[in-house]
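See structure below.
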Amino acid sequence: MLPIATAFDLTPHNTLGLRATASHAVRLQRADSLAADLHQLRTDPALAGLPWLVLGGGSNLVIGHDLRALVLKNELLGRTITARDNDHVFVRAMGGENWHDFVMWTLEQGLSGLENLALIPGCVGASPVQNIGAYGLEVMERIWQVETLDLATGAPRVFSAEECRFSYRDSIFKQEWAGRLLITAVVFRLPARFEARLGYGEVAREVAELTPTPTPRGVAEAVIRIRRAKLPDPAQIGNAGSFFKNPVVPDGSAAALKNSHPALPVYEAGPGMKKLAAGWLIDQTGWKGKRLGPAGMYEKQALCLVNHGGATGDDVARVSKAVQADVLRIFGVTLETEPVTWA
């Protein structure tokens, strides 16, 4: 029988460090018994009527308050190279694997393709949900398929990369399938030959300082150095990484903003669209390093909302709404938050 915890402390399981408990929780650790485990949970009268919430690393999560819910903690582990051909190497990782550890493991196997995504917090199972990305690479470029279980029926379903309907920080798992699936494993298709992705100037400069010839490990180390210099360590100060998405706007809107604010960083975002740097917009409003009570924006990176100690979900919401209001007032741009909120 799968042990069911009560009054489960969620505080150490969200990187913002927000204090909260869940009325019930289970740790899913065995892939071979998942179908039976889910059946047990669905038929347990003590759990009847409770919403089910899937929890990975808790790095992209805001918990509003104590929850009367069943939390499914994804702790499924395992990673293996499943196939190779002339152009690609296929790697399967279970959903509970730590993302950064998995990236570093691929490098230890002599593989490349994920090095630009080093040190992103969270677990493998969350990577397709958010379509995580950094420094010129989105994980959608490397995902081959996503293995899931339907929480309502226990039935397995495999999504091809095309079926995931990936877009900027979005996927089918955040839309019509939100809260309905457990991602058990992800299969990645990595390039058989290394091609350095150095489109971001700071990455190229850091790599050049480390090695005369770019290598997968060199790129990963460069990314790690940059992230550590700019982003707060959740072990030191609670945070959920980048709290706001970079807004995507039509070409005309971007051109008008660029004309008014020449220093505004603007990037290509597909036909007729441009991506703006949310961190720059927030910085210009004066929010970098500013706080409201125990929550505020990080002093070294305006894109990160941090918990200075004792913050609640309400404190986080207060800062988030104030930042959004100021960016909208000054620039006419609406910021969307990245993290999922459990309210």
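The values are calculated or read from the model by the stated rules, or taken from the named source; none is laboratory data. On a predicted model such as this, the values are computed, not experimentally measured, just so you know. As a convention, Cβ positions derive from the backbone with ideal geometry for all residues, glycine included, and neighbour counts pool all protein chains shown.
Within the range 9-57, the residues that satisfy the criterion of being more than 21 Å from residue 95 (Cα to Cα), among the small types (Gly, Ala, Ser) and exposed (fewer than 15 other Cβ atoms within 10 Å of the Cβ) are 46, 48, 49. Out of 240, 229, one residue alone is crowded, with 16+ Cβ neighbours inside 10 Å and either among the hydrophobic types (A, V, I, L, M, F, W, C) or at pLDDT below 95 (or both). It is 240. Checking 71, 62 one by one, the residue that is closer than 25 Å to residue 343 by Cβ, crowded, with 20+ Cβ neighbours inside 10 Å and either among the small types (Gly, Ala, Ser) or touching a Gly at 6+ places or on another chain (Cβ under 8 Å) (or both) is 62 and no other. For the range 208-216, the condition holds for no residue, the condition being that it is assigned by TED's automatic domain parsing to the domain that holds residue 126, buried (at least 16 other Cβ atoms within 10 Å of the Cβ) and either free of Cβ contacts under 8 Å to residues at least 40 places away in the same chain or polar (S, T, N, Q) (or both).
Filtered by the rule that a residue be in a loop (DSSP other than H, G, I, E, B) and among the acidic types (Asp, Glu), the range 166-224 gives 176, 195. Just one residue in the set 305, 292 is within 21 Å of residue 245 (Cβ to Cβ) and either assigned by TED's automatic domain parsing to the domain that holds residue 246 or not hydroxyl-bearing (Ser, Thr, Tyr) (or both); that residue is 305.
Just checking, does the range 108-116 include any residue being in a strand (DSSP E or B) and surrounded by 21 or more Cβ atoms within 10 Å (Cβ to Cβ)? No, that holds for no residue. Does at least one position in the range 99-121 carry a residue that is modelled with pLDDT of 95 or more, under 13 Å from the mean Cα position of the chain (by Cα) and of a type in the set (S, T, N, Q)? No - not one qualifying residue is present in the range 99-121.
Okay, residues lined up against (1) buried (at least 18 other Cβ atoms within 10 Å of the Cβ); (2) in contact with a Phe, Trp or Tyr (Cβ under 9 Å, 6 or more places away or on another chain):
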{"residue": "82", "(1), (2)": "no, yes"}
{"residue": "93", "(1), (2)": "yes, yes"}
{"residue": "96", "(1), (2)": "yes, no"}
{"residue": "143", "(1), (2)": "yes, yes"}
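Look at the range 287-339 and say how many of its residues are loosely packed, with under 15 Cβ neighbours inside 10 Å, in a helix (DSSP H, G or I) and of a type in the set (Gly, Ala, Ser). The qualifying residues number 1. Scanning the range 133-165 for residues that are closer than 30 Å to residue 224 by Cβ, part of a strand (DSSP E or B) and in contact with a Lys or Arg (Cβ under 7 Å, 6 or more places away or on another chain) yields a total of 2.
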